[in-house]
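The block underneath contains the structure these notes are about, expressed in C-alpha coordinates.
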Amino acid sequence: MTHLPYIVAAYGLTLGVAAILSVNATIRLRQARKRLAAIEQPGRTRRPS
Amino acid sequence: MTRKSRRLWLVVACMIGLGSAAALTLNAFSSNIVFFMAPSQVHKKPPPADRTIRLGGMVVAGSVHREKVKDTPVAIFDVTDGQDAVTVRYEGILPDLFREGQSVVAVGTVNPDGTFRASEVLAKHDETYMPKEVAEELRRSGKWDPRFGKAPDATSWNTMTATDTAKKPATQTPDGN
Amino acid sequence: MNATQSLTARTGNLFHRYANPGRFLRMGAKLQPWLTWPALALSAAGIVCGLFFSPADWQQGDSVRIMYVHVPTAWLASSGYMALAVCSLLSLVWRHPLADLAAVEIGPVGAAITAVCLATGSLWGKPMWGTWWVWDARLTSVLVLFFLYLGHIALIRAFDEPQRGYRAAAILGLAGAIDLPIIKFSVQWWNTLHQPDSITVTGAPTMSTSMLWPLGLTTLGFTLGFGAIVLARLRASVMESRIRTILAASRGRQSAQTNPQTDSAAV
(Lines give C-alpha, C1' and ligand atoms only; values in the text may rest on other atoms or scores of the structure.)
Protein backbone atom coordinates (compact mmCIF):
# COMPACT_ATOMS: atom_id res chain seq x y z
CA MET A 1 0.00 0.00 0.00
CA THR A 2 1.14 3.53 -0.68
CA HIS A 3 1.05 6.08 2.14
CA LEU A 4 0.75 3.25 4.68
CA PRO A 5 1.79 5.27 7.76
CA TYR A 6 -0.91 7.86 7.12
CA ILE A 7 -3.59 5.21 6.56
CA VAL A 8 -2.59 3.28 9.70
CA ALA A 9 -2.57 6.48 11.76
CA ALA A 10 -6.00 7.58 10.48
CA TYR A 11 -7.66 4.20 11.08
CA GLY A 12 -5.87 3.69 14.40
CA LEU A 13 -7.00 7.08 15.65
CA THR A 14 -10.60 6.58 14.56
CA LEU A 15 -10.89 3.10 16.07
CA GLY A 16 -9.07 4.20 19.22
CA VAL A 17 -11.43 7.10 19.87
CA ALA A 18 -14.46 4.93 19.05
CA ALA A 19 -13.21 2.27 21.49
CA ILE A 20 -12.63 4.79 24.28
CA LEU A 21 -16.12 6.27 23.83
CA SER A 22 -17.83 2.86 23.72
CA VAL A 23 -15.96 1.40 26.72
CA ASN A 24 -16.59 4.55 28.72
CA ALA A 25 -20.32 4.49 27.91
CA THR A 26 -20.60 0.76 28.70
CA ILE A 27 -18.86 1.06 32.08
CA ARG A 28 -20.93 4.08 33.04
CA LEU A 29 -24.19 2.40 32.07
CA ARG A 30 -23.28 -0.80 33.94
CA GLN A 31 -22.33 1.08 37.11
CA ALA A 32 -25.47 3.23 37.03
CA ARG A 33 -27.64 0.16 36.56
CA LYS A 34 -25.94 -1.66 39.45
CA ARG A 35 -26.22 1.28 41.82
CA LEU A 36 -29.84 1.89 40.89
CA ALA A 37 -30.74 -1.76 41.47
CA ALA A 38 -28.95 -1.69 44.84
CA ILE A 39 -30.76 1.36 46.21
CA GLU A 40 -34.20 0.87 44.73
CA GLN A 41 -36.27 -0.65 47.52
CA PRO A 42 -37.64 -4.09 46.76
CA GLY A 43 -40.93 -3.15 48.46
CA ARG A 44 -41.73 -0.47 45.93
CA THR A 45 -43.22 -1.65 42.69
CA ARG A 46 -40.85 -0.27 40.12
CA ARG A 47 -39.89 -2.08 37.01
CA PRO A 48 -36.27 -3.09 36.76
CA SER A 49 -34.58 -1.28 33.95
CA MET B 1 -50.30 33.31 23.14
CA THR B 2 -49.05 30.71 25.51
CA ARG B 3 -45.60 31.03 26.99
CA LYS B 4 -44.44 28.13 24.91
CA SER B 5 -45.37 29.67 21.57
CA ARG B 6 -44.00 33.01 22.72
CA ARG B 7 -40.68 31.33 23.43
CA LEU B 8 -40.84 29.58 20.06
CA TRP B 9 -41.35 32.85 18.19
CA LEU B 10 -38.61 34.50 20.19
CA VAL B 11 -36.19 31.74 19.25
CA VAL B 12 -37.24 31.90 15.58
CA ALA B 13 -36.79 35.68 15.53
CA CYS B 14 -33.35 35.42 17.13
CA MET B 15 -32.27 32.76 14.65
CA ILE B 16 -33.43 34.87 11.69
CA GLY B 17 -31.58 37.89 13.06
CA LEU B 18 -28.44 35.94 13.75
CA GLY B 19 -28.61 34.18 10.38
CA SER B 20 -28.90 37.39 8.41
CA ALA B 21 -26.11 38.98 10.45
CA ALA B 22 -23.87 36.03 9.66
CA ALA B 23 -24.82 36.13 5.97
CA LEU B 24 -24.06 39.85 5.72
CA THR B 25 -20.73 39.45 7.48
CA LEU B 26 -19.68 36.56 5.27
CA ASN B 27 -20.76 38.49 2.18
CA ALA B 28 -18.73 41.52 3.27
CA PHE B 29 -15.61 39.46 3.91
CA SER B 30 -16.15 37.21 0.91
CA SER B 31 -12.98 38.29 -0.87
CA ASN B 32 -10.91 37.51 2.21
CA ILE B 33 -12.46 34.10 2.74
CA VAL B 34 -11.47 33.06 -0.77
CA PHE B 35 -8.45 30.84 -0.40
CA PHE B 36 -6.74 31.70 -3.66
CA MET B 37 -6.82 34.13 -6.62
CA ALA B 38 -7.17 33.04 -10.23
CA PRO B 39 -4.57 34.08 -12.85
CA SER B 40 -7.08 36.41 -14.54
CA GLN B 41 -7.65 38.19 -11.22
CA VAL B 42 -3.90 38.57 -10.77
CA HIS B 43 -3.63 40.07 -14.26
CA LYS B 44 -6.54 42.44 -13.74
CA LYS B 45 -5.43 43.67 -10.34
CA PRO B 46 -1.77 42.80 -9.73
CA PRO B 47 -1.05 42.72 -5.99
CA PRO B 48 1.91 44.69 -4.59
CA ALA B 49 5.21 42.91 -5.02
CA ASP B 50 5.81 42.38 -1.32
CA ARG B 51 2.41 40.87 -0.61
CA THR B 52 2.15 37.09 -0.35
CA ILE B 53 -0.82 35.73 -2.25
CA ARG B 54 -2.15 32.33 -3.19
CA LEU B 55 -2.50 31.64 -6.88
CA GLY B 56 -4.84 28.83 -7.91
CA GLY B 57 -5.48 27.18 -11.25
CA MET B 58 -4.73 24.29 -13.54
CA VAL B 59 -1.22 23.34 -14.60
CA VAL B 60 -1.06 23.85 -18.37
CA ALA B 61 -0.25 20.65 -20.29
CA GLY B 62 3.25 20.69 -21.72
CA SER B 63 4.37 23.74 -19.76
CA VAL B 64 6.24 21.97 -16.97
CA HIS B 65 10.04 22.27 -17.03
CA ARG B 66 12.07 20.68 -14.28
CA GLU B 67 15.71 21.42 -13.70
CA LYS B 68 18.23 21.19 -10.90
CA VAL B 69 20.09 24.15 -9.43
CA LYS B 70 22.72 23.03 -6.93
CA ASP B 71 20.79 19.94 -5.76
CA THR B 72 17.47 21.74 -5.29
CA PRO B 73 14.87 20.79 -7.86
CA VAL B 74 13.34 23.76 -9.65
CA ALA B 75 10.04 23.58 -11.48
CA ILE B 76 8.71 26.16 -13.91
CA PHE B 77 5.13 25.77 -15.10
CA ASP B 78 2.12 27.79 -16.24
CA VAL B 79 -1.06 28.00 -14.20
CA THR B 80 -4.29 28.89 -15.96
CA ASP B 81 -7.95 29.49 -15.15
CA GLY B 82 -9.01 29.26 -18.78
CA GLN B 83 -8.70 32.99 -19.46
CA ASP B 84 -5.18 33.90 -18.41
CA ALA B 85 -2.01 32.08 -17.52
CA VAL B 86 0.75 32.93 -15.05
CA THR B 87 4.23 31.40 -15.13
CA VAL B 88 5.25 30.01 -11.75
CA ARG B 89 8.76 29.27 -10.57
CA TYR B 90 9.13 27.00 -7.56
CA GLU B 91 12.22 25.66 -5.81
CA GLY B 92 11.58 22.51 -3.82
CA ILE B 93 9.84 19.19 -3.87
CA LEU B 94 6.42 19.17 -5.50
CA PRO B 95 3.56 17.21 -3.87
CA ASP B 96 2.80 13.67 -5.12
CA LEU B 97 -0.37 14.78 -6.83
CA PHE B 98 1.35 17.41 -8.98
CA ARG B 99 0.94 16.72 -12.68
CA GLU B 100 -0.09 18.45 -15.89
CA GLY B 101 -3.80 19.21 -15.79
CA GLN B 102 -3.92 19.09 -11.99
CA SER B 103 -5.33 22.00 -10.01
CA VAL B 104 -2.71 23.56 -7.77
CA VAL B 105 -2.44 26.42 -5.33
CA ALA B 106 0.89 28.23 -5.26
CA VAL B 107 1.81 30.49 -2.33
CA GLY B 108 4.20 33.33 -3.10
CA THR B 109 4.68 36.77 -4.62
CA VAL B 110 4.26 38.30 -8.07
CA ASN B 111 7.51 39.49 -9.67
CA PRO B 112 7.59 42.86 -11.47
CA ASP B 113 7.70 41.04 -14.81
CA GLY B 114 4.40 39.29 -14.07
CA THR B 115 5.79 35.87 -13.24
CA PHE B 116 5.06 34.23 -9.92
CA ARG B 117 7.66 33.18 -7.40
CA ALA B 118 6.23 30.38 -5.28
CA SER B 119 7.48 29.45 -1.85
CA GLU B 120 5.01 26.59 -1.53
CA VAL B 121 2.93 24.55 -3.98
CA LEU B 122 -0.17 22.64 -2.83
CA ALA B 123 -2.03 20.16 -4.99
CA LYS B 124 -5.81 20.47 -5.07
CA HIS B 125 -7.52 17.26 -6.07
CA ASP B 126 -11.04 17.43 -7.44
CA GLU B 127 -14.08 15.45 -6.35
CA THR B 128 -13.52 12.58 -8.80
CA TYR B 129 -12.54 9.20 -7.40
CA MET B 130 -11.71 6.53 -9.93
CA PRO B 131 -9.97 3.17 -9.81
CA LYS B 132 -6.71 2.92 -11.70
CA GLU B 133 -8.09 0.43 -14.22
CA VAL B 134 -10.97 2.71 -15.20
CA ALA B 135 -8.67 5.71 -15.57
CA GLU B 136 -6.27 3.75 -17.74
CA GLU B 137 -9.10 2.38 -19.83
CA LEU B 138 -10.55 5.86 -20.42
CA ARG B 139 -7.14 7.20 -21.31
CA ARG B 140 -6.25 4.30 -23.59
CA SER B 141 -9.50 4.53 -25.50
CA GLY B 142 -8.99 8.28 -25.89
CA LYS B 143 -12.20 9.18 -24.07
CA TRP B 144 -10.41 11.33 -21.53
CA ASP B 145 -6.97 12.86 -21.18
CA PRO B 146 -6.21 13.88 -17.58
CA ARG B 147 -3.90 16.61 -18.86
CA PHE B 148 -6.76 18.54 -20.39
CA GLY B 149 -9.52 18.59 -17.86
CA LYS B 150 -11.85 16.94 -15.45
CA ALA B 151 -12.83 13.32 -15.68
CA PRO B 152 -16.24 12.41 -17.12
CA ASP B 153 -19.18 11.48 -14.89
CA ALA B 154 -18.97 8.25 -12.96
CA THR B 155 -22.25 7.15 -14.51
CA SER B 156 -20.77 7.33 -18.00
CA TRP B 157 -17.71 5.18 -17.23
CA ASN B 158 -19.61 1.96 -17.71
CA THR B 159 -20.80 2.83 -21.19
CA MET B 160 -17.42 4.30 -22.11
CA THR B 161 -15.51 1.18 -21.13
CA ALA B 162 -18.35 -1.16 -22.09
CA THR B 163 -16.41 -2.92 -24.81
CA ASP B 164 -13.88 -4.20 -22.31
CA THR B 165 -16.14 -4.77 -19.32
CA ALA B 166 -18.14 -7.15 -21.45
CA LYS B 167 -15.09 -9.38 -21.62
CA LYS B 168 -13.77 -8.94 -18.07
CA PRO B 169 -15.61 -7.31 -15.15
CA ALA B 170 -13.14 -4.55 -14.38
CA THR B 171 -15.15 -2.57 -11.86
CA GLN B 172 -15.25 -4.84 -8.82
CA THR B 173 -11.74 -6.32 -8.96
CA PRO B 174 -10.13 -6.56 -5.53
CA ASP B 175 -7.18 -4.30 -4.96
CA GLY B 176 -4.18 -5.88 -6.61
CA ASN B 177 -1.62 -3.19 -5.89
CA MET C 1 -51.83 32.43 16.50
CA ASN C 2 -54.42 29.80 17.28
CA ALA C 3 -52.82 27.35 14.92
CA THR C 4 -49.34 27.80 16.33
CA GLN C 5 -50.73 27.54 19.82
CA SER C 6 -52.27 24.18 19.23
CA LEU C 7 -49.18 23.12 17.28
CA THR C 8 -46.80 23.93 20.09
CA ALA C 9 -49.17 22.31 22.57
CA ARG C 10 -49.56 19.16 20.50
CA THR C 11 -45.87 18.76 19.70
CA GLY C 12 -45.15 19.51 23.34
CA ASN C 13 -47.42 16.66 24.41
CA LEU C 14 -45.74 14.35 21.94
CA PHE C 15 -42.28 15.16 23.30
CA HIS C 16 -43.34 14.98 26.91
CA ARG C 17 -44.67 11.49 26.56
CA TYR C 18 -41.03 10.42 26.29
CA ALA C 19 -39.92 12.64 29.14
CA ASN C 20 -41.11 10.07 31.68
CA PRO C 21 -37.80 8.53 32.86
CA GLY C 22 -39.25 5.08 33.43
CA ARG C 23 -40.74 4.93 29.97
CA PHE C 24 -37.53 6.26 28.43
CA LEU C 25 -35.42 3.65 30.22
CA ARG C 26 -37.69 0.82 29.09
CA MET C 27 -37.67 2.02 25.49
CA GLY C 28 -33.96 2.77 25.55
CA ALA C 29 -33.13 -0.72 26.81
CA LYS C 30 -35.18 -2.19 23.98
CA LEU C 31 -33.63 0.08 21.33
CA GLN C 32 -30.00 -0.31 22.43
CA PRO C 33 -29.18 -3.71 20.83
CA TRP C 34 -30.76 -2.57 17.56
CA LEU C 35 -28.22 0.24 17.40
CA THR C 36 -25.15 -1.41 18.91
CA TRP C 37 -24.89 -4.64 16.93
CA PRO C 38 -25.71 -3.30 13.45
CA ALA C 39 -23.26 -0.46 14.15
CA LEU C 40 -20.45 -2.90 14.93
CA ALA C 41 -21.27 -5.20 12.01
CA LEU C 42 -21.62 -2.44 9.39
CA SER C 43 -18.53 -0.54 10.56
CA ALA C 44 -16.43 -3.71 10.56
CA ALA C 45 -17.69 -4.68 7.10
CA GLY C 46 -17.08 -1.17 5.76
CA ILE C 47 -13.56 -0.93 7.18
CA VAL C 48 -12.50 -4.36 5.91
CA CYS C 49 -14.05 -3.60 2.54
CA GLY C 50 -12.43 -0.16 2.41
CA LEU C 51 -8.99 -1.31 3.48
CA PHE C 52 -8.66 -4.51 1.47
CA PHE C 53 -11.33 -4.87 -1.20
CA SER C 54 -11.86 -1.43 -2.67
CA PRO C 55 -9.60 -0.20 -5.47
CA ALA C 56 -6.86 2.39 -5.06
CA ASP C 57 -7.56 5.76 -6.65
CA TRP C 58 -5.84 6.39 -9.96
CA GLN C 59 -3.96 9.42 -8.68
CA GLN C 60 -4.28 9.32 -4.88
CA GLY C 61 -3.21 5.70 -4.62
CA ASP C 62 -4.08 3.94 -1.38
CA SER C 63 -4.37 7.15 0.63
CA VAL C 64 -7.94 7.34 -0.70
CA ARG C 65 -8.78 4.71 1.95
CA ILE C 66 -8.59 7.44 4.59
CA MET C 67 -11.84 8.67 3.02
CA TYR C 68 -13.74 5.72 4.50
CA VAL C 69 -13.16 7.04 8.01
CA HIS C 70 -12.82 10.76 7.25
CA VAL C 71 -16.12 11.31 5.46
CA PRO C 72 -18.34 9.49 8.05
CA THR C 73 -16.74 11.44 10.90
CA ALA C 74 -17.23 14.70 8.99
CA TRP C 75 -20.88 13.83 8.42
CA LEU C 76 -21.31 12.93 12.09
CA ALA C 77 -19.58 16.10 13.28
CA SER C 78 -22.25 18.14 11.48
CA SER C 79 -25.24 15.89 12.20
CA GLY C 80 -24.19 15.54 15.83
CA TYR C 81 -24.29 19.30 16.13
CA MET C 82 -27.65 19.33 14.36
CA ALA C 83 -28.93 16.94 17.05
CA LEU C 84 -27.49 19.26 19.69
CA ALA C 85 -29.31 22.22 18.11
CA VAL C 86 -32.60 20.28 18.10
CA CYS C 87 -32.11 19.44 21.78
CA SER C 88 -31.42 23.12 22.41
CA LEU C 89 -34.68 24.08 20.73
CA LEU C 90 -36.63 21.49 22.73
CA SER C 91 -34.98 22.77 25.88
CA LEU C 92 -35.59 26.47 25.25
CA VAL C 93 -39.15 26.27 23.94
CA TRP C 94 -40.65 23.19 25.58
CA ARG C 95 -38.37 22.96 28.63
CA HIS C 96 -37.96 19.30 27.90
CA PRO C 97 -35.92 17.65 30.71
CA LEU C 98 -34.67 14.78 28.56
CA ALA C 99 -33.42 17.19 25.89
CA ASP C 100 -31.19 18.86 28.49
CA LEU C 101 -29.70 15.54 29.54
CA ALA C 102 -29.25 14.57 25.88
CA ALA C 103 -27.45 17.85 25.16
CA VAL C 104 -25.05 17.13 28.02
CA GLU C 105 -24.27 13.70 26.58
CA ILE C 106 -24.06 14.60 22.86
CA GLY C 107 -21.47 17.34 23.43
CA PRO C 108 -18.41 15.26 24.35
CA VAL C 109 -19.16 12.54 21.77
CA GLY C 110 -19.59 15.14 19.02
CA ALA C 111 -16.41 16.94 20.03
CA ALA C 112 -14.42 13.69 19.94
CA ILE C 113 -15.80 12.84 16.50
CA THR C 114 -15.02 16.33 15.20
CA ALA C 115 -11.47 16.02 16.51
CA VAL C 116 -11.13 12.70 14.65
CA CYS C 117 -12.50 14.33 11.49
CA LEU C 118 -9.92 17.13 11.70
CA ALA C 119 -7.08 14.72 12.47
CA THR C 120 -7.88 12.24 9.70
CA GLY C 121 -8.30 15.14 7.28
CA SER C 122 -4.87 16.36 8.28
CA LEU C 123 -3.40 12.88 7.79
CA TRP C 124 -4.95 12.81 4.33
CA GLY C 125 -3.95 16.37 3.45
CA LYS C 126 -0.26 15.92 4.18
CA PRO C 127 0.45 13.28 1.51
CA MET C 128 -2.09 14.61 -1.02
CA TRP C 129 -2.11 18.39 -0.80
CA GLY C 130 1.37 18.68 0.63
CA THR C 131 0.30 20.32 3.89
CA TRP C 132 -1.20 19.30 7.23
CA TRP C 133 -3.41 22.35 7.50
CA VAL C 134 -4.54 25.40 5.53
CA TRP C 135 -6.86 28.19 6.60
CA ASP C 136 -9.40 27.68 3.84
CA ALA C 137 -13.13 28.12 4.41
CA ARG C 138 -13.99 24.43 4.85
CA LEU C 139 -11.23 23.56 7.29
CA THR C 140 -11.69 26.74 9.29
CA SER C 141 -15.46 26.35 9.59
CA VAL C 142 -15.05 22.77 10.86
CA LEU C 143 -12.47 24.00 13.38
CA VAL C 144 -15.05 26.57 14.51
CA LEU C 145 -17.53 23.71 14.93
CA PHE C 146 -15.02 21.93 17.17
CA PHE C 147 -14.70 25.03 19.34
CA LEU C 148 -18.50 25.35 19.47
CA TYR C 149 -18.65 21.81 20.85
CA LEU C 150 -15.96 22.63 23.43
CA GLY C 151 -17.79 25.82 24.42
CA HIS C 152 -21.04 23.90 24.82
CA ILE C 153 -19.37 21.23 26.96
CA ALA C 154 -17.88 23.88 29.22
CA LEU C 155 -20.99 26.08 29.43
CA ILE C 156 -23.49 23.35 30.25
CA ARG C 157 -21.36 22.30 33.23
CA ALA C 158 -20.37 25.79 34.33
CA PHE C 159 -23.18 26.57 36.78
CA ASP C 160 -23.93 25.18 40.24
CA GLU C 161 -27.59 25.27 39.37
CA PRO C 162 -27.93 22.90 36.36
CA GLN C 163 -30.99 24.65 34.90
CA ARG C 164 -29.03 27.86 34.27
CA GLY C 165 -26.32 25.88 32.49
CA TYR C 166 -28.94 24.15 30.32
CA ARG C 167 -30.44 27.49 29.21
CA ALA C 168 -27.11 29.14 28.46
CA ALA C 169 -25.78 26.10 26.59
CA ALA C 170 -29.05 25.79 24.62
CA ILE C 171 -28.66 29.37 23.40
CA LEU C 172 -25.09 28.62 22.32
CA GLY C 173 -26.22 25.37 20.70
CA LEU C 174 -28.85 27.13 18.60
CA ALA C 175 -26.69 30.10 17.68
CA GLY C 176 -23.85 27.80 16.66
CA ALA C 177 -26.13 26.02 14.18
CA ILE C 178 -25.36 28.96 11.83
CA ASP C 179 -22.00 27.26 11.25
CA LEU C 180 -23.62 24.15 9.73
CA PRO C 181 -24.74 25.70 6.39
CA ILE C 182 -21.41 27.54 6.25
CA ILE C 183 -19.57 24.21 6.50
CA LYS C 184 -21.84 22.59 3.94
CA PHE C 185 -21.64 25.32 1.31
CA SER C 186 -18.12 26.62 1.98
CA VAL C 187 -16.75 24.54 -0.88
CA GLN C 188 -19.29 26.06 -3.28
CA TRP C 189 -19.34 29.68 -2.13
CA TRP C 190 -15.61 30.24 -1.96
CA ASN C 191 -12.73 28.56 -3.69
CA THR C 192 -11.05 26.30 -1.17
CA LEU C 193 -8.22 23.82 -1.17
CA HIS C 194 -10.72 21.24 0.04
CA GLN C 195 -12.52 19.47 -2.79
CA PRO C 196 -16.24 20.02 -3.49
CA ASP C 197 -18.65 17.27 -2.40
CA SER C 198 -18.40 14.04 -4.39
CA ILE C 199 -21.86 12.94 -3.32
CA THR C 200 -24.68 15.43 -3.74
CA VAL C 201 -28.45 15.20 -3.47
CA THR C 202 -29.02 16.45 -7.00
CA GLY C 203 -26.17 15.13 -9.14
CA ALA C 204 -24.70 11.73 -9.81
CA PRO C 205 -21.78 10.84 -7.52
CA THR C 206 -18.37 11.50 -9.04
CA MET C 207 -17.06 8.33 -7.51
CA SER C 208 -16.70 4.77 -8.62
CA THR C 209 -19.33 2.37 -7.25
CA SER C 210 -16.60 0.14 -5.84
CA MET C 211 -15.64 3.05 -3.57
CA LEU C 212 -19.19 4.13 -2.78
CA TRP C 213 -20.01 0.78 -1.17
CA PRO C 214 -17.49 0.80 1.67
CA LEU C 215 -18.15 4.51 2.18
CA GLY C 216 -21.88 3.85 2.57
CA LEU C 217 -21.22 0.98 4.98
CA THR C 218 -18.91 2.95 7.28
CA THR C 219 -21.18 6.02 7.15
CA LEU C 220 -24.21 4.00 8.20
CA GLY C 221 -22.21 1.99 10.75
CA PHE C 222 -20.60 5.05 12.36
CA THR C 223 -23.95 6.86 12.48
CA LEU C 224 -25.62 3.95 14.28
CA GLY C 225 -22.57 3.75 16.55
CA PHE C 226 -22.88 7.43 17.39
CA GLY C 227 -26.54 6.83 18.24
CA ALA C 228 -25.68 3.77 20.33
CA ILE C 229 -23.04 5.61 22.36
CA VAL C 230 -25.24 8.64 22.95
CA LEU C 231 -28.19 6.42 23.92
CA ALA C 232 -26.06 4.42 26.37
CA ARG C 233 -24.73 7.62 27.94
CA LEU C 234 -28.22 9.09 28.11
CA ARG C 235 -29.63 5.97 29.77
CA ALA C 236 -26.80 6.08 32.31
CA SER C 237 -27.47 9.76 32.86
CA VAL C 238 -31.20 9.18 33.48
CA MET C 239 -30.38 6.35 35.92
CA GLU C 240 -27.88 8.57 37.72
CA SER C 241 -30.42 11.34 38.14
CA ARG C 242 -32.93 8.78 39.45
CA ILE C 243 -30.31 7.54 41.94
CA ARG C 244 -29.81 11.13 43.11
CA THR C 245 -33.58 11.58 43.54
CA ILE C 246 -33.96 8.36 45.53
CA LEU C 247 -30.97 9.18 47.73
CA ALA C 248 -32.33 12.67 48.38
CA ALA C 249 -35.75 11.21 49.22
CA SER C 250 -34.30 8.62 51.59
CA ARG C 251 -32.24 11.32 53.28
CA GLY C 252 -35.49 13.22 53.70
CA ARG C 253 -37.09 10.13 55.23
CA GLN C 254 -34.21 9.62 57.62
CA SER C 255 -34.47 13.16 58.89
CA ALA C 256 -38.23 12.63 59.17
CA GLN C 257 -37.64 9.55 61.33
CA THR C 258 -35.30 11.40 63.67
CA ASN C 259 -37.98 13.99 64.44
CA PRO C 260 -41.34 12.21 64.24
CA GLN C 261 -43.35 15.44 64.28
CA THR C 262 -42.88 15.78 60.55
CA ASP C 263 -44.66 13.58 58.11
CA SER C 264 -43.98 9.94 59.02
CA ALA C 265 -46.44 8.58 56.53
CA ALA C 266 -43.80 8.85 53.87
CA VAL C 267 -42.37 5.43 54.76
Among C:208, C:237, C:88, the residue with the largest mean-square fluctuation in a Gaussian network model of chain C built from Cα contacts under 10 Å is C:208
Residue by residue through the range C:245-254, the couplings from Karplus 6.51 cos²θ - 1.76 cosθ + 1.60 with θ = phi - 60°, in Hz, x for Gly and Pro, are 4, 5, 4, 4, 5, 5, 4, x, 5, 4
The size of the Cβ-based charge dipole (Lys, Arg +1; Asp, Glu -1) of the range C:56-194 about the Cα centre, to the nearest 20 debye, is 120 debye
Along the dipole axis of the protein assembly as shown (charges at Cβ: +1 for Lys and Arg, -1 for Asp and Glu; origin at the Cα centre), the most positive-end residue among C:60, C:146, C:27 is C:27
Carbon and sulfur atoms account, in whole percent of the 1.4 Å probe accessible area of the protein assembly as shown, for 63 percent
The long-range amide H neighbours of residue B:37, using H built 1.01 Å from N in the peptide plane and a cut-off of under 5 Å, are B:54, B:55, B:56
The farthest towards the positive end of the charge dipole of the protein assembly as shown, of the residues C:236, B:17, A:10, given +1 on Cβ of Lys and Arg and -1 on Cβ of Asp and Glu, is C:236
Over chain C, the sum of -39500 (n - 2.57) across DSSP H runs of at least four, divided by residue number and rounded to 500 deg cm²/dmol, gives at 222 nm -26500 deg cm²/dmol
Listed residues C:164, C:251, C:95; largest mean-square fluctuation, Gaussian network over chain C with Cα springs below 10 Å, found at C:251
Expected field for residue B:67, accessible surface area in Å² at 1.4 Å probe radius, rounded to 10, holds 90 Å²
Projecting the Cα atoms of B:90, B:144, B:123 onto the charge dipole of the range B:82-158, where Lys and Arg contribute +1 and Asp and Glu -1 at Cβ, the residue farthest towards the positive end is B:144
Rounded to the angstrom and largest first, Cα extents along the principal axes for the range C:56-194 equal 55, 26, 21
Rounded to 0.05, the calculated FRET efficiency for the beta carbons of residue C:161 and residue B:3 at R₀ = 25 Å is 0.75
Computed over the Cα atoms of the range B:1-130, the Rg and Dmax in Å are 21.8, 80
About its Cα centre, the range B:2-61 carries a charge dipole, from +1 on Lys and Arg Cβ atoms and -1 on Asp and Glu Cβ atoms, whose size in debye to the nearest 20 is 460 debye
For the range B:39-124, the dipole about the Cα centre with charges only on Cβ (Lys and Arg +1, Asp and Glu -1), to the nearest 20 debye, works out at 140 debye
Here the tail fraction of P(r) beyond 34 Å, over all Cα-Cα pairs of the protein assembly as shown, rounds in percent to 49 percent
Given backbone amide H placed at 1.01 Å from N, residues whose amide H is under 5 Å from that of residue C:129, ignoring those fewer than 5 places away on the same chain, are none
Karplus ³J(HN,Hα) for the range B:23-31 (6.51 cos²θ - 1.76 cosθ + 1.60, θ = phi - 60°; Hz, whole; x = Gly/Pro) runs 4, 5, 4, 4, 5, 5, 9, 3, 5
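The values are calculated or read from the model by the stated rules, or taken from the named source; none is laboratory data. If you're wondering where the values come from, they're calculated on a predicted model, not measured in any experiment. Every residue, glycine as well, gets a Cβ built from its backbone with ideal geometry; the counts of neighbours run over all protein chains shown. Side chains are part of the model used for accessible areas, which takes the heavy atoms of the whole protein and leaves out ligands, DNA and RNA. Shrake-Rupley method; radii C 1.70, N 1.55, O 1.52, S 1.80 Å.
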